[in-house]
Amino acid sequence: MKTILLAILLAVGLSLAAAGQRYTANGNAHSHNDYLQARPFHVAHAHRFASIEVDIHLAGDRLLVAHDAAGLDTARTLERLYLRPLAEQVDLNGGTPYPGGGTLQLLVDIKTDGDATLRRLEEVIRPFRRYFDPAVNPAATRLVISGNAPPPGRFADYDPLFLFDGDPFARYTPAQAARVPLYSLPLARFSGWNGLGRLPAPEHAAITSFVDSLHRAGKKVRFWGTPDTKTLWQAFIKIGVDYINTDRPGELAAFLRDREKHGYRPVAPPHVPRRPAYRADGRDRAPRNVILLISDGAGFAHLWAAATANRGDLNVMQCKHTGFLITTSFDDYNTDSAAAGTAIATGTATRNRYIGVDPGGRPVPNLVELLSARGVACGVITNDNITGATPAAFLAHRVERGMSDSIARDIIASPAALVVGGAPRAFGDEATLRAARAAGFRVTANPADLATIPAGERVIALGRDTVAAGYRIIEEVFPRAARRLAAGKGGFFLMVEGARVDAGGHANDLSLVIDEYLSFDRLVGMALAFADENDDTLVIITSDHETGGLVPLDGDYATGVHLADFATVDHTGAPVPLFAYGPGAAAFHGFTRNSELAGKILRLVNGKK
C-alpha cells in the first residue's frame, strides 16, 4: 500500500515560498483562541481572516466554547458564538463568507473525548451542513478538526466534511492525506524564540526545511504558541509559513494590509554614489558659493530606507561632516514646513504656518535678501509650487502659508536671480505675469530655456516633475542653475528643495518615500561633483522635519528590499540629519537648532567663525 511520510527535514535550504508572495488577512491570517476576543467570530470576521480557531468541550449534550473546563459557560455554545453568526454572514453575502467573495476556515480544537465530541459535532452541524459542504456551495467554509482528532485509520468513520489537522510523523494513505489540508505545530518544537531580534540560524533552517517539506506535499503550515510581534510575522512570511497565528487580530490585519504599501522592492538598478575628492572639505576658509539642499520630511529612517534600496550606499553618506538639526518651532514641538523653512531661511524661530515673519508677525530678512544685498546671486528651486512653504520662506513674508497669491507677489518683489518650480494659480493670471516682467523677471513655462536665456537675466521658470516620463525637475535643472549663478562675480547661494518625501510620509507610502529620496540623493551627487570642480563651494544637506514616524523593520542590502512601519501620518519632533561638504563644513557638527543655520551660513560667507 502506497504511503506518504511527512517528516521534519533538518537540512539547511531556502524557502520554496515565492519571495514576492502577497500575504493578506483573507489568505493568511489565523485567529488563535478566537473565543477569547471581545466579540468571538465577529472581530476576526470583520478583518476578513482566513482562519478562525475555536476550542470546544462536550458538556452533556452541548458543545461549549472555552479553553479549559474552568472557563465553561452554558451560554457560550458553538452554535451561538460561531455557527449561527457564520450562517448569517454567508446568507447575507450571497453564499460567501465575506462580501465580494473570499474564503474561510473554521479550525475546531477538540478538548474532550475525541469520538464522543465528534459524534455530537456531526449532530450539531447538521442544520448548518450546507455552509460547510463544497458540493452544495463551492465557497463553503472549510471545517478542520484539531486537538483530540482520530488516528488516520478512523478518518472515514466521520462526516466527510470533516478535514483534519496533520501530524508530521503520521503515515497517510492518499485518501487520508486528501483530508489533511494543513499542519499545526507548536513553535516550541523548533525554537524558544521570543519573536525579538533574529531567529537563530539553526532553528530558522529547521523551520524552513519543515515548511518546505509540507509545501512539496501540497500542504499548508501553521505554528501556534508564537509571540505576537511584527518581527516574527515578517520572519514567518519570508520563510513561507501559510497561516500567521495571532491573538491580536486587529494588529495582524493592519500589518498585512499595510505591508505592501510599507514595503519596497526596487524596479530600477541602484545609482552609483560619487566618491568626493575632499580637497577643500572642512578647510577653514570662507566659501564663495553655498548650496543648501533640503529634503522635506526626511528623517534618518527615510535616508536609511533609501540607502537600503540603493544597496547600502548613498551620495549623502560620503559626507564626513555630520550632525543633527533640531526642528522644533517657536510654538510647537512638531514644526510645520512654514515655521521650519522660516527658521532655516531667516535664523528666527517662529510660529507654525508663518512665512518669513517672527512670532509677532513682523517680517524678518531671509538669506536671499541678505546675500543678494552683498552681491551674491541667489536662486531657489523646488519640485513643489514656488509658493509652497519651504521655497516661500526664502522669498516671502506672510502670517499664513496658505496666502498663495500674496506669496506670489512677494516672490516677484524678491531680489532672487532665479526661481524654479511648480506654477501656482497666481502665475496663470496675466496681471501677475506682467508684474513679474515689470520687476525684471523673464518668466518661462519651460525650465529647459535656462540653457538659452542669458545668464544676466533674472528668471522664473515654471515646471513640474513628470515621474512617469523620468523627468524630475530638481535633477534636470540643478546643473544649469549652478552654472548660471556661478557666472556672476560675487558667488552664489542656491536652495534646492526635494518636497515629495514629505508626501510619502503623510501617505505612509514607503515606495514614494524611497523613490523621492533616491532622486534627492542623485541631486546630492551633482552638488558634490560641482563642489569638487569648484572647491570654494560649501554644500549643506538637511531636512526641515521628519514626517510619518518611519521605523525600519526589515531589509536586504543585496536586493534593496525594505520593509518599514509608520507611527503617524503627520510630522514628528525628531531631529533630522545634517551633512556638510566643502570649506567651512566643520561648522555643522553635532546638534544645531534650525534657527542657527542661517547665522552659520552668513558667518562663513563673511569669513567669520
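Please compute the net charge surrounding Phe128, taking Lys and Arg as +1 and Asp and Glu as -1 over other residues with Cβ under 13 Å from its Cβ.
Charge balance in the 13 Å sphere: -2.
Enumerate the whole-percent occupancy of each 20 Å bin, from 0 to the last occupied one, for all C-alpha pair distances of the chain.
Bin by bin from 0 Å, the calculated values are 18, 38, 23, 18, 3.
So if I place +1 on the C-beta of Lys and Arg and -1 on the C-beta of Asp and Glu, and nothing else carries charge, what would the dipole magnitude of the chain be about its Cα centre? I want it in debye, nearest 20. Before the final figure, lay out each step's value.
Numbers: 64 positive and 64 negative charges, 258 e Å.
Its charge dipole is roughly 1240 debye.
Peptides 578-587, 100-109: what's the order by average Cβ count within 10 Å, highest mean first?
578-587, 100-109
Taking the chain, how many lysine pairs are there with alpha carbons less than 20 Å apart, if each pair must be eight or more places apart or span two chains?
10
Largest first, please: the extent of the C-alpha atoms of the range 561-609 along each principal axis, to the nearest Å.
Per principal axis, max minus min of the Cα coordinates gives 45, 26, 15 Å.
With a 1.4 Å probe and all protein chains kept in place, how do Trp304, Trp233 rank by accessible area, largest first? Provide the component values of the computation, followed by the final result.
Numbers: Trp304 75, Trp233 5 Å².
Final ranking, largest accessible area leading: Trp304, Trp233.
Filter the DSSP H helices in the chain by two things, a Kyte-Doolittle mean of at least -1.0 and an axial alpha-carbon span of 24 angstrom or more, and list the hits by number.
Result, helices passing both filters: 510-533.
Which three lengths, in whole Å and largest first, does the range 481-609 cover when its Cα atoms are put on their principal axes?
Projected onto the principal axes, the Cα atoms of the range 481-609 cover 47, 29, 24 Å.
With a ≥ b ≥ c the root eigenvalues of the C-alpha gyration tensor of the range 532-597, is it rounded (a/c under 1.5), prolate (a/b larger than b/c) or oblate?
Oblate, since a/c reaches 1.5 and b/c is not below a/b.
How far, in nm, would the chain grow between Arg442 and Asp228 when pulled straight, counting 0.36 nm per residue and subtracting the alpha carbon separation?
Additional length available on full extension: 70.9 nm.
What is the mean projected area of the alpha carbon convex hull for the range 63-185, to one decimal in square nanometres?
For the range 63-185, averaging the hull's shadow over all directions gives 8.2 nm².
When all protein chains stay in place, what accessible area (Å², nearest 10, 1.4 Å probe) is found for Cys319?
Around 10 Å² of this residue is reachable by solvent.
Starting from the amide H of Ile244, placed 1.01 Å from N in the peptide plane, find each other amide H under 5 Å away whose residue is 5 or more places distant or on another chain.
Counting only residues 5 or more places away or on other chains, the set is Ala29, His30.
So what is the diffusion coefficient of the range 289-363 in µm² per second by Stokes-Einstein at 20 °C and 1.002 mPa s, using a Kirkwood Rh over Cα pairs? Walk me through the intermediate numbers first.
Details: Rh = 14.1 Å.
For these conditions, the coefficient is 152 µm²/s.
On alpha carbon coordinates alone, what is the Rg over Rh value for the range 233-358, Rh being the Kirkwood radius?
1.10
Report the FRET efficiency, 1/(1 + (r/R0)^6), for Arg189 and Leu36, where r is their Cβ-Cβ distance and R0 is 30 Å, rounded to 0.05.
Once the sixth-power term is evaluated, E becomes 0.85.
Looking at Ala349, Ser337, Phe324, which one has the Cα that reaches farthest to the positive end of the dipole of the range 281-352 (charges on Cβ: Lys, Arg +1; Asp, Glu -1)?
In the range 281-352, that residue is Phe324.
Computed over the Cα atoms, what is the radius of gyration of the range 396-473 divided by 2.2 N^0.38 Å, N being its residue count? Can you show the working numbers first?
Numbers: Rg = 13.0 Å, N = 78, 2.2 N^0.38 = 11.5 Å.
Here the Cα radius of gyration is 1.13 times the empirical estimate.
Averaging over all projection directions, find the projected area of the Cα convex hull of the range 167-310 and quote it in nm² with one decimal place.
Average projection, Cα convex hull of the range 167-310: 14.7 nm².
Counting pairs of alpha carbon atoms under 8 Å apart in space and at least six apart in sequence, what relative contact order in percent does the chain give?
The normalised contact order for the chain reaches 17 percent.
Sorted by mean Cβ packing within 10 Å, highest first, what order do the peptides 141-149, 522-530, 539-547 take?
Most protected by this proxy first, the peptides run 539-547, 522-530, 141-149.
The values are calculated or read from the model by the stated rules, or taken from the named source; none is laboratory data. As the structure is a computational prediction, the values presented were derived from the model and not from experiment. Every residue, glycine as well, gets a Cβ built from its backbone with ideal geometry; the counts of neighbours run over all protein chains shown. Ligands, DNA and RNA are excluded from the accessible area calculation, which covers all protein heavy atoms including side chains. Shrake-Rupley method; radii C 1.70, N 1.55, O 1.52, S 1.80 Å.
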